[in-house]
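Remarks on the structure that follows.
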Amino acid sequence: MPLDTKSVCDKKVFESIYNDHSKTLRNFIYYKCGDVQQAEDVVQEAFIKLWKNCAKVFVEKAKSFLYTVANNTFLNEVAHKKVVLQHQKSIKNNSTSETPEFILEEKEFMMKLKNAIADLPEKQREVFLLSRIDNKKYSEIAEITGITIKAVEKRMSQALIVLRKKIGKI
Amino acid sequence: MEEKYIDDAFLARWVAGELTPEELDAFQNSKDYLEFKRINDGAQILEAPKFDQQASFIRLQDELSGETQDAKIVKIIPRWIYSVAATVVVAAGIFFFLNNSSSSFETGFGEQKTVTLPDNSKVYLNAKSTLAFNKRDWESNRILKFSGEAFFDVEKGTSFKVVTNQGVIEVLGTEFNVITGEKFFEVRCHEGKVRVSNNSDENLATLTQGKAVRMHDNKEENWNFNQEKPTWIKGESSFTKTPLKQVIKTLEGRYDVVFDTKTIDLNRRFTGSFTHKDFNLALKTVFTPLNISYSKKGKMIYLKGKN
């Protein structure tokens, strides 16, 4: 067995783990519950547990430890409310010289899309948003959610089909 | 239509760009393609709410400082270094103390203090403020360094100067109230006459009784008021079209709390007052009229706009 000198108890290592994973972890829980505050509390709690158990967790297992703890905390504590996802208002502007009608129509479409995403079943929503907002590969999403890549792909496809049905003809 | 995608992962593979050229070609020609493409494009310009990684790491460290680890921590810095460092600090402190006749005063959260200067002028310090001056040549050189909020009651005499990070106030004998903050500087003249200038020594205003001036984000505002003494001396802070940021700072200094203001507009203005005696009432009087809801968790107050 190779002797790994890195330890989660080392403050530097702990901080780099935090920097690598806290954002996606926050988003992951946020996509489930739609409450930024709650999501951030869950993340804090997960990192506190990691710190307490730092002697027992190998560095390379820290990520899955965090996701498992966060997911359990979420399931235990967070009341399942209707999800209202608040996306940041500053939507990147990727086209220029639009007519007012186009802008209005685009706004309406984005509203519909947001509502439809919020209405997705939790399992489809987390996969869909981790892929589309956080740009995570299916393999990584599989690791985060603890399901197989095949299952991730299936949920992704279902999410798209459901969204299209909800939004309907453009 | 779904029947066409016999393969469960077809759309997922399309999103990930993993379709074969033939598959992609066929899909692009189907009538559903544009709708799926629009959903996919739209989803990609969404963003999750901002996550302030640094701030939340600091919060985490705060919480961790009370936690114990299972592992034993090996100290890299030997203990005796700390004693040496402490000795040096104390020695330096004594040295400066003996060498300097300057006096300084500071108020903590929720604290108020009255400082009498050598010439009997009085300074009423509000919460979270600092004041420093040189005792030795006070009579010939009345200069004060100051930050926070205070009410000055100045005896007649030579020129009296209050130097702050945001600007300078110069008087001959009068009563006035000063507030400094981040990009915020407010002076109200309660009696007599004061001259206010900024740090590059440009004259901002000469105030007479009942006049006030404010610099906020480099913009100047003037108004009149009608009070003999600032209300905060009698247990109430009041504001006239003051930026919300400054109001919140005053609340924080008064009640030793921290506000989370991520979701609200700090440039909104507030006119009104809050009491120093009842925190809940103070929260209610400030935020209810602004249509902002608040929730408490320990020392943190989370603010949320209602629409």
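Is it the case that the range A:36-53 has a residue that's outside any helix (DSSP H, G or I) and facing another protein chain (nearest Cβ under 9 Å)? Looking through the range A:36-53, at least one residue is outside any helix (DSSP H, G or I) and facing another protein chain (nearest Cβ under 9 Å). Would you confirm whether any residue within the range B:35-53 is in a helix (DSSP H, G or I) and within 29 Å of the chain's Cα centre (by Cα)? Yes. Identify the single condition in (1) facing chain B (nearest Cβ under 9 Å); (2) surrounded by fewer than 18 Cβ atoms within 10 Å (Cβ to Cβ); (3) assigned to a helix (DSSP H, G or I); (4) at pLDDT 85 or above that A:LEU113 does not satisfy, given that it satisfies every other one. The one condition A:LEU113 does not meet is (2).
The set of residues from the range B:275-296 being assigned to a strand (DSSP E or B) and within 14 Å of B:TYR255 (Cα to Cα) comprises B:THR275, B:LYS296.
Out of B:ASP25, B:ASP41, B:ASP62, which single residue is within 21 Å of A:ASP20 (Cα to Cα) and either in contact (Cβ under 8 Å) with a residue 60 or more places away in the chain or more than 7 Å from every other protein chain (Cβ to nearest Cβ) (or both)? Talk me through it step by step, then tell me what you get.
Values: B:ASP25 fails: within 21 Å of A:ASP20 (Cα to Cα); B:ASP41 fails: within 21 Å of A:ASP20 (Cα to Cα).
Just a single option satisfies the conditions, and that option is B:ASP62.
For the range B:145-168, residues that are assigned to a strand (DSSP E or B) and closer than 23 Å to B:HIS216 by Cβ total 12. Here B:TYR5 fulfils each of the conditions (1) at pLDDT below 85; (2) surrounded by fewer than 14 Cβ atoms within 10 Å (Cβ to Cβ); (3) within 10 Å of chain A (Cβ to nearest Cβ) apart from (2).
Taking the range A:9-56 as the range and being under 20 Å from A:ASN76 (Cβ atoms) and of a type in the set (Val, Ile, Thr) as the test, the residues that pass are A:ILE29, A:VAL36, A:VAL42, A:VAL43, A:ILE48. Considering only residues that are within 15 Å of B:ASN40 (Cα to Cα), more than 8 Å from every other protein chain (Cβ to nearest Cβ) and either surrounded by fewer than 15 Cβ atoms within 10 Å (Cβ to Cβ) or touching a strand residue (DSSP E or B) at 6+ places or on another chain (Cβ under 6 Å) (or both), which ones fall in the range A:117-170? Within the range A:117-170, A:ASN135, A:LYS165, A:GLY168 qualify.
Within the range B:255-305, being among the polar types (S, T, N, Q) and farther than 18 Å from B:SER56 by Cβ holds for B:ASN267, B:THR271, B:SER273, B:THR275, B:ASN280, B:THR285, B:THR288, B:ASN291, B:SER293.
The values are calculated or read from the model by the stated rules, or taken from the named source; none is laboratory data. The structure presented is a predicted model; accordingly, all values stated were derived computationally and were not measured. Cβ coordinates were reconstructed from backbone atoms using ideal geometry, including for glycine residues, and neighbour counts include every protein chain displayed.
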